[in-house]
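The values are calculated or read from the model by the stated rules, or taken from the named source; none is laboratory data. Every value quoted in this text rests on a predicted model; they were computed, and no experiment measured them. As a convention, Cβ positions derive from the backbone with ideal geometry for all residues, glycine included, and neighbour counts pool all protein chains shown. The accessibility values were calculated without ligands, DNA or RNA, using every heavy atom of the protein model including side chains. Shrake-Rupley method; radii C 1.70, N 1.55, O 1.52, S 1.80 Å.
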Amino acid sequence: MGSVIPSSRFLEQRIVEASNLSAARRVIELGPGTGGTTRTFLRHLGQDAKLLSIELSPYFHELLGEITDPRFTNHLGSAEDIADILALHDMGQPDVVISGIPFSKMPEGVATRVAQAVKDNLAEGGRFIAYQFCRDVAWITDPIMGAPASCRLELRNIPPMRVYSWFKTADD
């Protein structure tokens with residue numbers, strides 16, 4: 001968990017806009033924490049879309065178990081294992097991966113493996129959205145996916161957060 005305060009509605013809206021959730025069919029949320037953003041994402045997803053959360057903390061995973069939306073799958077595990085988790089849940093490549101995991105608090109090797117797993121499993125034309133209060137995610141992800149397509153600062157959140165967007169192209 002990157003913050004002790006839940007994400008603001010302003011940050012949630014910025015993430016929803018950056019990820020174009022209304023058009024997504026398969027979405028992965030990395031590090032959903034207590035599920036506040038998860039519930040927001042579900043409100044913006046189409047009825048035939050799927051949202052798979054990957055949470056490392058057993059405590060947060062249990063809290064997420066309270067979400068009963070049939071489009072939602074709650075998985076306890078590491079974001080490093082995206083390929084295996086997708087296969088386990090019979091889910092194809094995601095259109096969008098949204099990450100709230102605090103890259104600044106991860107060992108560099110783990111962070112690099114997570115970024116590589118995102119790139120390797122994201123559908124062509126897919127989006128990787130990361131919301132962070134530190135710039136570490138860009139330093140880790142740029143060598144793997146190139147410079148972000150955008151980085152927007154949301155000041156109406158405690159702490160203020162940057163919302164980064166990367167797109168996977170055919171060349172990736």
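Non-local amide H neighbours of residue 78 (under 5 Å, H modeled in plane, Pro and chain starts lacking H): which ones?
none
Under a straight-distance cross-link criterion of Cα-Cα below 15 Å, which aspartates and glutamates are reachable from residue 119, leaving out those fewer than 8 residues away in the same chain?
Residue 119 reaches 29, 80, 81, 84, 95, 142, 171, 172.
Round to a whole number: what % of the accessible area of the chain belongs to carbon and sulfur, probe 1.4 Å? Mind showing how you got there, number by number?
Working: 4320 of 8290 Å².
Whole-percent figure for carbon plus sulfur exposure: 52.
Can you pull the one-decimal nm distance between simple spin-label points at residue 62 and residue 149, each 7 Å off the Cα toward Cβ?
So the label points at residue 62 and residue 149 sit 3.9 nm apart.
When only Cα pairs under 8 Å and 6 or more residues apart are kept, what is the percent relative contact order across the stretch 63-172? Intermediate values should be presented prior to the final figure.
Details: 158 pairs, mean separation 27.0, N = 110.
Dividing the mean separation by the residue count of the stretch 63-172 yields 25 percent.
Could you check what % of the DSSP bridge pairs in the chain are antiparallel, to the nearest 5? Numbers along the way, then the final one.
Details: 11 of 29 bridges.
The antiparallel fraction comes to roughly 40 percent.
Using θ = phi - 60° and the Karplus relation 6.51 cos²θ - 1.76 cosθ + 1.60, list the HN-Hα couplings for the stretch 123-134 in order, rounded to whole Hz, with x at every Gly or Pro.
My calculation for the stretch 123-134 gives 5, 4, x, x, 10, 10, 10, 10, 10, 8, 9, 10 Hz in order.
Starting from the amide H of residue 28, placed 1.01 Å from N in the peptide plane, find each other amide H under 5 Å away whose residue is 5 or more places distant or on another chain.
Placed amide hydrogens put 52, 96, 97, 98 under 5 Å from residue 28.
Which percent of the Cα-Cα distances in the chain go past 25 Å? Walk me through the numbers on the way to the answer.
Details: 3227 of 14706 pairs.
Value for the chain: 22 percent of Cα pairs lie more than 25 Å apart.
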